[in-house]
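Comments concern the structure below.
What follows is calculated from the coordinates using simple rules that are stated; it is not laboratory data. Because the structure is a prediction, the values reported are computed rather than measured. Here the Cβ positions follow ideal geometry from the backbone for every residue, glycine too, while neighbour counts run over all protein chains shown.
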Amino acid sequence: MKPLNKVIVNKDTSFNPIWIMRQAGRYLPEFREIRKDNPNFINLCLNDDLSSEITLQPLKRFDLDAAIIFSDILILPYGLGQKVEFEKNFGPKLGELNLNEIAKIDEIDFVKKIHRVYKAITKVSLDPVLGNKNTIGFVGAPWTILVYMINQQSPKKNLKKDFFKDKFLINKILLIIEKFLKVHIKNQIESGADVIQIFDSWAGLLDEKDLPNYIYSPTLNLVNYVKSLNVPVICFPREIKNYKEFCDIVKPDAVSIDYNVDPKKILKDINIPIQGGLDPKILLTDKDTLKKEASKYLDIFKDHPYIFNLGHGVLPETDLNMFEYLIKTVKNY
């Protein structure tokens, strides 16, 4: 059985597998080399030779327990025909949202546009470097994808003032997003992904009254869909105020926590396997601090099924020695 399955499915507490969000990417010199010649980020995600190579780069260097496919949650709006670009020092920029055009897209068009993501997953899952480790596929949660599609850029602190003005548009787009997220998930699993993670990066933006409509209900539909395909599903509702309520309603197989939550409270409130929590900035400090902070999470969750990870993606300026030291700390715990 693969490492993440032992913890998620078998509830094994005898060890803590480790993988790191954004482990394939900007902090690795070999990734930066590839990036120099491939400035268009979406094109790079759709180059199956390069994206599979990037996915495996961290596993060639470090003793990690899973590969997460090098892709992006915004592959979904791209597959639906919305323009998606990544601007240096700004982040993603999306084109105008044309509901009539998007409503015309069918499953065949969508898959044709992004099928090379699935080819990359197949290459990774068959590569000897992977061995008996997990291949993680992922999607953005419906709410987070909706935010990008309507806001047309990262909301950082705020949504557009008139974000909620057209309820008809929002509900229509949510249904389309949900439909194609299922297509995207199914194709990733059929290509070799054996765990799915759902990233709700902007879950923290909503008021409590809006959670059932925009987060609980659509995410629950996706979670049930992944479960129906017999693959474990991890949810990461970043900065949501009430992780317990989220888990009680959405019922993922495991939940990933951000670094703003109290792990002791999480342990008390939640009985499913837990993932993550460590602040990525701790990797920018020194080895003693890193060991102390990582051990804190390992101690708290020592009798609870726990996958070690960060509470958000690894930062580009992270020193490789610190990254390696973190992995050793977890493995030697």
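Values computed for the structure shown
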{"read-out": "Residue 267 versus residue 37: modelled label distance in nm, points set 7 Å from Cα along the beta carbon direction", "value": "4.9"}
{"read-out": "Separation in nanometres of the label points that stand 7 Å from Cα toward Cβ, at residue 320 and residue 224", "value": "4.7"}
{"read-out": "Those residues of the stretch 133-173 whose amide nitrogen sits under 20 Å from the label point placed on residue 104, 7 Å along Cα→Cβ", "value": "169, 172-173"}
{"read-out": "Cα centre as origin, Lys/Arg/Asp/Glu Cβ charges: the stretch 3-331 dipole, Debye", "value": "220"}
{"read-out": "Near-label residues of the stretch 193-216 by backbone N, under 17 Å of a point 7 Å along Cα→Cβ of residue 158", "value": "205-207"}
{"read-out": "Check: the stretch 91-227 dipole with +1 on Lys, Arg Cβ and -1 on Asp, Glu Cβ, in debye", "value": "240"}
{"read-out": "Antiparallel DSSP beta bridges within the stretch 3-331, as percent of all bridges there, nearest 5", "value": "20"}
{"read-out": "Restricting the stretch 22-64 to trypsin sites (Lys or Arg not before Pro) in coil, as DSSP defines it, with at most 15 other Cβ within 10 Å", "value": "26"}
{"read-out": "Calculated [θ] (222 nm, deg cm²/dmol) that DSSP helices of n ≥ 4 give over the chain, each run adding -39,500 (n - 2.57)", "value": "-14000 deg cm²/dmol"}
{"read-out": "Too-long pairs where the Cα-Cα distance tops 32 Å, listed order kept, from 11/60; 156/179; 83/287", "value": "83/287"}
{"read-out": "Spatially proximal lysines relative to residue 6 (Cα-Cα < 19 Å; intrachain offsets below 8 disregarded)", "value": "133, 227, 251, 302, 331"}
{"read-out": "The chain, relative contact order [Cα under 8 Å, separation at least 6], %", "value": "21"}
{"read-out": "Among 120, 176, 164 the positive-end extreme of the charge dipole of the stretch 61-196 (Cβ point charges)", "value": "164"}
{"read-out": "Average Cα contact separation per residue, the stretch 221-310, under 8 Å, 6 or more apart, as relative contact order %", "value": "25"}
{"read-out": "DSSP-loop chymotrypsin sites (Phe, Trp or Tyr not before Pro) across the stretch 1-95, with at most 12 other Cβ within 10 angstrom", "value": "90"}
{"read-out": "For the stretch 276-325 and the stretch 21-92, distance of Cα centres in Å", "value": "22"}
{"read-out": "14 Å beta-carbon shell around residue 303, net charge (K/R +1, D/E -1)", "value": "+2"}
{"read-out": "Per-peptide average of other Cβ atoms within 10 Å, ordering 209-217, 48-56 highest first", "value": "48-56, 209-217"}
{"read-out": "Relative packing of 270-276, 321-327, which averages over residues the other C-beta atoms within 10 Å, highest first", "value": "270-276, 321-327"}
